[in-house]
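Visitor: Before I ask anything, let me first share the structure, which is written out below as structure tokens.
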Amino acid sequence: MGGCVQPAEVRRRILEEHRKLRVMLDALVSLATRFEHGSSADGAKLREDALALYETFAGHLLHEENTLEPALRARGAEGEKLAERLAHEHREQRALLAYLVSRLEDHPGPTLLVAREVRSFAEYLYHDMAHEESTLLSAAALPDEP
Ligand SMILES: [Fe+2]
Ligand SMILES: [Fe+2]
């Protein structure tokens, strides 16, 4: 599985997903911000885009678990620790995603609240990606040469 992919390639693919996630986040945040400033933009579009982002992020979690986690575990005890942290963070993130999706699907709330939640999720996600890039995805955690 992911084990045969080189660490540099694992990192490259994940960074590419982070880049795409940031593009989606930037667009979503600017839409959400317009709502908060009283724009009459389309609320259905905000919900749709938010759901698309949550789905993309859920796929990203799986991708990291299938590639980054084994690559870290292959690094020995230090890597095992990082892999455990990744697994723990992803459990929390899945709980957060389930909550956010249920808020959009079950009882669609006022668009203003949706906009605030989207912005706070975006803030969290920007921070999470930067954190991963400086820890789990650093050259120290995933050396190209064994
Ligand atoms: Fe992650
Ligand atoms: Fe990530």
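Visitor: If one takes the longest principal axis of the Cα atoms in the chain, at what angle in degrees, from 0 to 90 and to the nearest 10, does the Cα axis of helix 77-105 lie?
Guide: Long axis of 77-105 versus the principal axis of the chain: about 20 degrees.
Visitor: Counting only heavy atoms of the protein chains, get the accessible area per residue of the range 33-96 (1.4 Å probe) and round it to a whole Å² value.
Guide: For the range 33-96, the per-residue accessible area is 53 Å².
Visitor: Taking the Cβ of residue 27 as the center, what net charge do the other residues with Cβ under 13 Å away carry, scoring Lys and Arg +1 and Asp and Glu -1?
Guide: Every neighbour counted, the sum reads +2.
Visitor: At a threshold of 8 angstrom on Cα-Cα distance, excluding pairs fewer than six apart, so keeping six or more, what relative contact order does the range 1-95 reach in percent? Mind dumping the intermediate values first?
Guide: Details: 47 pairs, mean separation 36.4, N = 95.
That works out to 38 percent.
Visitor: Give me the three principal axis extents of the range 58-146 from the C-alpha atoms, as integers in angstrom, largest value leading.
Guide: Principal axes ranked by extent give 52, 20, 17 Å for the Cα atoms.
Visitor: OK, next. What angle do you read, to the nearest 10 degrees and between 0 and 90, between the alpha-carbon axis of helix 111-134 and the longest principal axis of the chain?
Guide: Around 20 degrees separate the two axes.
Visitor: Where the centre of each part is set by its Cα atoms, how far does the range 1-44 sit from the range 57-100, in angstrom?
Guide: After rounding, the separation between the Cα centres reads 18 Å.
Visitor: When the helices in the chain are scored as -39500 (n - 2.57) per DSSP H run of 4 or longer and the sum is shared across all residues, what 222 nm value do you end up with, to the nearest 500 deg cm²/dmol?
Guide: Value at 222 nm, helices only: -28000 deg cm²/dmol.
Visitor: From the phi of every residue in the range 29-36, what ³J(HN,Hα) in whole Hz does the Karplus formula 6.51 cos²θ - 1.76 cosθ + 1.60 yield, where θ is phi - 60° and glycine or proline is x?
Guide: For the range 29-36, the Karplus curve yields 5, 6, 5, 4, 5, 4, 4, 5 Hz.
Visitor: Something else now. For the chain, what % of the accessible area comes from carbon and sulfur atoms, probe 1.4 Å?
Guide: Within the chain, the accessible surface is 57 percent carbon and sulfur.
Visitor: Here's another thing I want to ask about it. Quick one: helix 43-73 against the long Cα principal axis of the chain, what's the angle to the nearest 10°, folded into 0 to 90?
Guide: With rounding to tens, the tilt is 10 degrees.
Visitor: If N is the number of residues in the range 69-114, what value comes out of its Cα radius of gyration divided by 2.2 N^0.38 Å? Walk me through the intermediate numbers first.
Guide: Values: Rg = 16.5 Å, N = 46, 2.2 N^0.38 = 9.4 Å.
That works out to 1.75 for the range 69-114.
The values are calculated or read from the model by the stated rules, or taken from the named source; none is laboratory data. Please read all numbers here as calculations on a predicted model, not as lab measurements. Every residue, glycine among them, receives a Cβ derived from its backbone with ideal geometry; neighbour counts consider all protein chains shown. Surface areas here come from the heavy atoms of the whole protein model, side chains and all, with no ligands, DNA or RNA. Shrake-Rupley method; radii C 1.70, N 1.55, O 1.52, S 1.80 Å.
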